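First the structure, in the form of structure tokens, and then the observations on it.
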Amino acid sequence: MNYKYRLAVTAVMVATLAGCSGGAERRRQANQDFTYLETKPLESWALPSGAQASQVNDYAIPVQSFPGELGPAVDIRPPQQVLALIPGARTVKDADGVTLLLAKPDELTKVWTLTQRLIAERNIQLLSQSANVMETDWVNWVNEDEENPVGSRYRIEKSSGSANNSYKITLVDWREGGVEKPVSAINKERYSILMTNLVTSRYDQQERDLARLRAQELVKQIPISMGQDRSGLPVIIARAPYNVFWERLPDLLGQLGFTVEGRNRSQGVVEVKFRSPDDAFWTELGTKPIQLDDRSYNLQLGDLGNRTSVNVTDSDGKPVTEEALKSLAPVFAAAIDRANNS
């Protein structure tokens, strides 16, 4: 059965150069002639009659065979690099493939489970599977650097011990244009790394999604109270980290008659214009109206570790009265509570 798979790999092929013009071979070959291949072989030095030989080894070139490609067969594309997206993981590249050395056994379990899910989502068939080893059927790649569609098969294995949590991807078979060919060292390296980067990119996205969900849960409960800053002046205290409260604040302000006109996260400044809602709004919210005039204000946020301070000044930089600040705290608390219960 002929399986065809088209993987979206452009996001992880960060080191692949797409040439401005020409075919795939132009992106892999040096843009010059190869007349150096016509160089005559070196000949042994013949001493002139009567000359005495002297031995100097300072510039001696080792006599040995250096395997590799020549001329147009030399691939000039920059090497692929494993994306360092798993915190604490080390990468080992060798002739067999790519190995990730993970810091903890639970991270290895997460990467293995993610790989199984990724394979299922991509409809990649498995020729064999056990608790610690998977071997895939053909995975087809669409790459502008290649003259023909290419395919590869992989052996993926994991090993866990007291001091070793390894995850290894090895390219075991290769084909071009539907024809199986020997696996070259450069193709084994490039496409083993490419497959590894698909996994590490997905791991990174999964961790970002989980962090966002945790932040959303955390942001639902933000106790608001009055307090004092380091100078002893009254401020509103939100019991949430600065980055969490900063993200929640614009939506909170929008519910209370404020229009956000500018934000500077590094300085902790939010520029707003206030227009008080009608009496029905405050009755529904269950609080007294905010004691602020309809005009522009600046909210100054301060990072207190696991808490965030909020102060309010008018457009001239003059702090609002303590009464006005105290009227704002219960309104923030009521708006957060209403959002959580909606």
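Tabulated values for the structure
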read-out: Debye-sum result for the chain in log10 I(q)/I(0), which assumes one identical scatterer on each alpha carbon, at q = 0.09, 0.14, 0.15 Å⁻¹; value: -0.76, -1.04, -1.13
read-out: Largest-first principal axis extents of the Cα set of segment 177-306 (Å); value: 78, 36, 25
read-out: Under 24 Å from the Cα of K181 - lysines, other chains or at least 8 residues apart; value: K4, K93, K168
read-out: Cross-link reach list, aspartates and glutamates versus K104, counting only Cα pairs under 12 Å and skipping chain neighbours closer than eight places; value: none
read-out: DSSP-assigned coil residues among trypsin sites (Lys or Arg not before Pro) in segment 206-310, each with at most 16 further Cβ atoms within 10 Å; value: R230, R239, R265, R275, R295
read-out: Among 147-156, 175-184, the order from most to least packed when residues are scored by Cβ within 10 Å on average; value: 147-156, 175-184
read-out: Check: the chain dipole with +1 on Lys, Arg Cβ and -1 on Asp, Glu Cβ, in debye; value: 660
read-out: Long-range Cα-Cα pairs in segment 49-117 (distance over 15 Å), rounded percent; value: 76
read-out: Heavy-atom surface of the chain, accessible at 1.4 Å and reported per residue (Å²); value: 61
read-out: For E157, net neighbour charge (Lys/Arg +1, Asp/Glu -1) across residues whose Cβ lies under 12 Å away; value: +1
read-out: Karplus-derived 3J(HN,Hα), 6.51/-1.76/1.60, for each residue of segment 123-132, Hz, glycine and proline x; value: 6, 7, 7, 10, 7, 7, 7, 9, 5, 10
read-out: Those aspartates and glutamates that a straight Cα-Cα span of less than 19 Å connects to K110, excepting residues fewer than 8 apart in one chain; value: E121, E135, E157, D204, E207, D209
read-out: For segment 78-87, Karplus couplings with θ = phi - 60° (6.51, -1.76, 1.60), whole Hz, Gly/Pro x; value: x, x, 6, 10, 5, 6, 7, 10, 10, x
read-out: With DNA, RNA and ligands ignored, accessible area of E323 (1.4 Å probe; Å², nearest 10); value: 110
read-out: Helix-only [θ]222 nm of the chain, DSSP H runs n ≥ 4, -39500 (n - 2.57) each, per residue, nearest 500; value: -9500 deg cm²/dmol
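The values are calculated or read from the model by the stated rules, or taken from the named source; none is laboratory data. Predicted model, so just to flag it, every value in this text is computed and none were measured. We place every Cβ from the backbone using ideal geometry, glycine too, and count neighbours over all the protein chains shown. Ligands, DNA and RNA are excluded from the accessible area calculation, which covers all protein heavy atoms including side chains. Shrake-Rupley method; radii C 1.70, N 1.55, O 1.52, S 1.80 Å.
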